[in-house]
Structures are given as structure tokens and as C-alpha cells.
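*Asks:* Below are the C-alpha cells for one structure; questions will follow.
The values are calculated or read from the model by the stated rules, or taken from the named source; none is laboratory data. Being a predicted model, the structure only gives us computed values, none of them experimental. Here Cβ is always computed from backbone atoms with ideal geometry, including for glycine, and neighbour counts include all displayed protein chains. Please note that ligands, DNA and RNA were not included when accessible areas were found on the heavy atoms of the full protein model with its side chains. Shrake-Rupley method; radii C 1.70, N 1.55, O 1.52, S 1.80 Å.
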Amino acid sequence: QVQLVESGGGLVQAGGSLRLSCAGSGRTFSRLAMGWFRQAPGKEREFVAAIRWSGGITYYADSGKGRFTISRDNAKNTVDLQMNSLNAEDTAVYYCAATPQWVTASRGDYDYWGQGTQVTVSS
């Protein structure tokens, strides 16, 4: 069993930055691919970024390419999402998720989810 807890959300002005962190528990954390998803009000939960268990491969949605960076520290059981140049369209609840599968953008492939952290970008 893996438990995930997100932190780092908040209110930021357009053009600003935030760093989200996800702390995982469980002995298998270092063998899981990790992903970040987000869900805006009235919209489907969508993929943001993912990283392989070793950290060597990353994958981004077009919306975050060049602005977001996903990283992980398996010694600390954490995965972070650095978000720069934020805009109002980035406002959403951000979720951390884990999967035993390869790096994937498919929501259905993820077995474990955190409770989410709110990110609000004011314009």
C-alpha cells in the first residue's frame, strides 16, 4: 500500500512560481512511476507530468512543457513539481499519483492518489 500527501499549493499571481511536493509512504515507492494531474472546476482531471521510478525519464503535457519540471528523490520518498510562469489556466487542484507501470499519462493506469492541493493563480 502506498499513501501520498501533497503540499505546496496556494495563491500566486500570474507569472509567478510554485513548487508542489508529494510525500509517499511504503516500501515500494522507489519502484513506482509518479505523476501529477490536475482538475479545474467543471473539468476532467488531466495529466500534467510523470517521471519514471529511476527519475531518468520524464513526460509532460503540452500545457506544461517549458514551464513545469517534475523531479523525485527516492531517498526521501518525494516527488516535486516546479511550476513557473503560471497563468490563470493553471488554477486547479493538483494531485500526485503512483503507478507500477511505465511512465504514463493515462489516469486509469494510476493505482494510488493523494488528496490534492489547491493552486490558484490570480490574473
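*Asks:* Please state which one of Gly64, Gly108 is farther than 12 Å from Ala33 by Cβ and without any contact (Cβ under 8 Å) to a residue 12 or more places away in the chain.
*Replies:* Gly108
Let's see how each residue does on (1) assigned to a helix (DSSP H, G or I); (2) under 24 Å from Ser122 (Cβ atoms); (3) in contact with a Lys or Arg (Cβ under 8 Å, 6 or more places away or on another chain); (4) at pLDDT below 95:
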site	(1), (2), (3), (4)
Leu20	no, yes, no, no
Phe37	no, yes, yes, no
Pro41	no, yes, no, yes
Trp53	no, no, yes, yes
Asp62	no, yes, no, no
Glu89	yes, yes, no, no
Ala98	no, no, no, no
Val103	no, no, yes, yes
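*Asks:* Kindly list the number of the only condition in (1) closer than 22 Å to Val119 by Cα; (2) touching a helix residue (DSSP H, G or I) at 6+ places or on another chain (Cβ under 9 Å); (3) free of Cβ contacts under 8 Å to residues at least 24 places away in the same chain that fails for Trp53.
*Replies:* (1)
*Asks:* Any idea which residue in the range 75-103 is farthest from Phe47 (Cα to Cα), counting only those that are among the β-branched types (Val, Ile, Thr) and open to solvent by 20 Å² or more (accessible area, probe 1.4 Å)?
*Replies:* Per the stated criteria, the residue is Thr78.
*Asks:* With respect to Gly16, determine if the residue is at positive phi and at pLDDT 95 or above.
*Replies:* no
*Asks:* To continue, here is another question. Restricting the range 26-47 to residues that are touching a helix residue (DSSP H, G or I) at 6+ places or on another chain (Cβ under 9 Å) and in contact (Cβ under 8 Å) with a residue 12 or more places away in the chain, which is most open to solvent (accessible area, probe 1.4 Å)?
*Replies:* So the residue we want is Glu46.
*Asks:* I would also like to ask the following. When you go through Thr99, Thr78 one by one, which is the residue that is in contact with a strand residue (DSSP E or B) (Cβ under 9 Å, 6 or more places away or on another chain), hydroxyl-bearing (Ser, Thr, Tyr) and closer than 16 Å to Arg19 by Cβ?
*Replies:* One residue alone meets the criteria, Thr78.
*Asks:* For residues that are within 23 Å of Phe29 (Cα to Cα) and part of a strand (DSSP E or B), scanning just the range 105-123, find the one that is least open to solvent (accessible area, probe 1.4 Å).
*Replies:* Thr117
*Asks:* Out of the residues in the range 64-87 that are assigned to a loop (DSSP other than H, G, I, E, B) and among the aliphatic types (A, V, I, L, M), state the one that is farthest from Thr28 (Cα to Cα).
*Replies:* So the residue we want is Leu86.
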